[in-house]
Structures are given as C-alpha cells and as structure tokens.
C-alpha cells in the first residue's frame, strides 16, 4: 500500500485480524487427517489420541510451516524492526497470514489452495473476499 497512513493500516489489521481468526477457527474443524504433525514430537506424543500409524507421525510438515511463516512474516525473523508492540497485533498478523496461506495462495505441490484441497471452498479466495469477512463479523456480532 502506498500513500496510506500507518494508523489506517493498523486499524484495518486490528479489525480484520479477529474476523479472520474467528472464520478460520470455525472453518478448520474436524477435517480428516492422513498424518499426525507435531512440532516437538516427544513433548506432544502423549497428547496424540486415537490410534495413529507411527509411520505417519512426523515433524517435517510442521517444520516447513514454521519456515514458511518466518520467511513470509518479518515479525518472526531475528534482527528486524518489523515487530508487533502488542501481542494482540501479533495474533492478528498470524491470523491474516494463515487466511491468505490456506484460502488465497495456490500451493505448487497441490496446484490448489489447502482450503480447496480440504473441500472447504471451491475457488481461490481474493483479498476482497478476505476483507469481506470483516463485514460478516460485524453482522454476526449484531
């Protein structure tokens, strides 16, 4: 964005972040899983319920997700001045990142978005549709 006030961008982030978080939380529920992914496999092993196949328990996808997040969001990079002064704003930025990552960005290996692959949507979302979540959030609150 050019010629837009930093405060205007901050207000948009503060409004759209929670809307994205709420939508994502509702949409990404009870999806069928083929494998179990854990960040620190030994600390989460006791938390895995059911009877997963041990061959499908891995940290590789989570580690790749962590790398992608660090590369796309400067807040997670060392020695940067792109940081969140409030932990809430960091949460909003993460919510926006995952909305874009799952609904707007076509992934090279999938050839569709993760949300399309999971059957949550039939098309690639536009930024306008993501911003539309703000209006939906306001209507749901009323």
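A compact table of results
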{"read-out": "Where residue 81 falls short, out of the listed (1) modelled with pLDDT under 85; (2) assigned to a helix (DSSP H, G or I); (3) out of contact with any helix residue (DSSP H, G or I) (no Cβ under 8 Å at 6 or more places or on another chain)", "value": "(2)"}
{"read-out": "Residues (touching a helix residue (DSSP H, G or I) at 6+ places or on another chain (Cβ under 7 Å) and surrounded by fewer than 16 Cβ atoms within 10 Å (Cβ to Cβ)) located in region 92-119", "value": "104, 107, 110"}
{"read-out": "When residues of region 36-53 are limited to those that are more than 30 Å from residue 129 (Cα to Cα) and surrounded by 10 or more Cβ atoms within 10 Å (Cβ to Cβ), the one modelled with the highest pLDDT", "value": "52"}
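The values are calculated or read from the model by the stated rules, or taken from the named source; none is laboratory data. If you're wondering where the values come from, they're calculated on a predicted model, not measured in any experiment. Glycine also receives a Cβ, built like all others from the backbone with ideal geometry; neighbour counts cover every protein chain displayed.
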